[in-house]
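Encoded as structure tokens, the structure appears first; notes follow it.
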Amino acid sequence: MQVIRNGNVLIDGQLKKVDVLFDEKEILDIREKIECDCPEVDASGCVVLPGFVDVHVHLREPGFTKKETIRTGTKAAAHGGFTSIFCMPNVIPYPDNVKTMEDYLKLIEEQSVVHTHPYACITKSEASKEVVDMKAISKLGIHWYSDDGVGVASEKIMKEAMECARENQAMIVAHTEDMAYRKPKACVHESEITAAKGWLGIPSACESAQLIRDLKLVEETKSTYHACHISAKESVEALRQAKKKGLNVSGEVTVHHLLLEDKDVQGPNWKMNPPLRSHKDRMALIEGLEDGSLDFIANDHAPHTEEEKSRPMEVCPFGIVSLETCFPLLYTQFVKKEKRWTLAQLVSWMSTKPAIRFGLDKVGKIQKGYSSDFVIINLEEEYTIDSNDFESMGKNTPFNGWDVFGKVKQTIVSGNTVWKG
């Protein structure tokens, strides 16, 4: 057993000066003063929050270990305060069958330093041709299916996948992208701002058209559906209307889409898919998160090598790293500076709500009987983001050099410290 002392603990949306007693399984007690002859975690000057949950992370292993490994990616998660993550299936070999998934689960168990839940593919090899055997894969405890990196091109196949997911109490987690809207070498949002820089743009309909298609299929199949990295105002509105109909749908938004716009794009470290869109889109995302049209925040952590990101804008890969900068960026901008959000709101969007939506039992709150997963943060400590300090192998971030508040001091997973500053 251990006890956290001297910290301000977030409980039921309020910071309270209490002690927290825990072991490797769960939180055992929460009181103003706990008498315990056991090791102490000193949280003086800090807040104690439930560990963050990220449902959208690219760990790159197996297949792309020059970009990231399970070990480095989960250490990056711990550095950012994340204690539970979901890793995307666009690795090689694709986790699209029982044998490959069993091997993948074993690799994760050996290498991960946080709770790591893998997605299985929706279709074999993410090719939009054949739905995977969800009945067999679900017996391994996998309840989340995604072809992230590409959209499911076939409406017929997506409908079949939704029906299979419904029958197996699983969730479809969709990257919506209709390639009919995207020209080769398109790399940014389609706007006058990006066109003036000579870049070919990707219209918002590339995302929203397939999302609207999927939401109609959800209504037909009565399935459970989650939309990845929403970026366009049309997509926010589509989800808003779907929820009004009572559909079992949700959507996430990333830190970079909440903070940056097309006018901010300077080069490859600002290139991600979906792209940074207009000011109106960004405002719609913020308002959609606040009114519940969007449900929570995810990262789409996407590491690449320095060589890959040094290629010309049109041919370098999409994606940025973000696990280690998410909380301080959002806390600094929306809680400390704008005072638009409370700390409790931000933590709910980064921990409680994703845990509930993705069925993580007793995760996302500091409460007796809940998992002993914590992050200890000094909210008043200001520092400059330096990608050289990242645990991730990827250094591809547009936020290098930004001054932020909210430094993660310690991350505890299942009662064990996995990262300490």
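Annotations
- Charge tally in the Cβ shell below 11 Å around VAL152, where Lys, Arg are +1 and Asp, Glu are -1, VAL152 excluded: -4
- For the pair LYS245 and ASN388 in one chain, pulling the backbone fully straight at 0.36 nm per residue adds 46.8 nm over the alpha carbon distance.
- Taking GLU338, GLU40, GLU163 as the candidate residues, the one with maximal mean-square fluctuation in a Gaussian network model of the chain, Cα springs under 10 Å, is GLU338.
- Theoretical FRET efficiency, 1/(1+(r/R0)^6), r = Cβ-Cβ of LYS185 and ASP403, R0 60 Å, to 0.05: 0.95
- Span from the segment 40-59 Cα centroid across to the segment 250-289 one, whole angstrom: 25 Å
- Sequence-separation-based contact order of segment 54-361, relative, with Cα cut under 8 Å and 6+ spacing, percent: 16 percent
- The chain: angle of helix 279-291 to the longest principal axis, Cα-based, in degrees nearest 10: 50 degrees
- Annotation: peptides 14-27, 79-92, ranked by per-residue average of other Cβ atoms within 10 Å with the highest first, follow the order 79-92, 14-27.
- Length released on extending from GLU314 to GLU40, taking residue separation times 0.36 nm less the Cα-Cα span: 93.4 nm
- Looking at the chain alone, DSSP beta bridges between its own residues are antiparallel in about 50 percent of cases.
- Principal-axis analysis of the Cα atoms of the chain puts helix 155-167 at an angle of about 30° to the longest axis.
- Cut-off 11 Å between beta-carbons: net charge of the residues surrounding GLU40, Lys and Arg +1, Asp and Glu -1: -2
- Equivalent ellipsoid semi-axes - Cα gyration tensor, segment 1-95, angstrom: 35, 13, 11
- Under-5 Å amide H pairs with THR254, H placed in peptide plane, nonlocal only: ILE230, ALA298
- Convex hull of Cα atoms in segment 225-299, direction-averaged projection (nm²): 4.5 nm²
- Principal semi-axes in Å for segment 54-361 [√(5λ), Cα gyration tensor, largest first]: 26, 22, 21
- When the chain is treated as a GNM with alpha-carbon contacts under 10 Å, the residue of ALA174, ALA186, ALA165 showing the greatest mean-square fluctuation is ALA186.
- The distance between label points at ARG340 and LYS106 comes to 4.8 nm (points 7 Å beyond Cα on the Cα→Cβ vector).
- Tilt relative to the chain, helix 98-111 - C-alpha long axis, 0 to 90 degrees, to 10: 40 degrees
Every number here is computed from the coordinates shown, using simple stated rules; none is lab data. Predicted, not measured: the structure shown is a model, and the values here were computed from it. We place every Cβ from the backbone using ideal geometry, glycine too, and count neighbours over all the protein chains shown.
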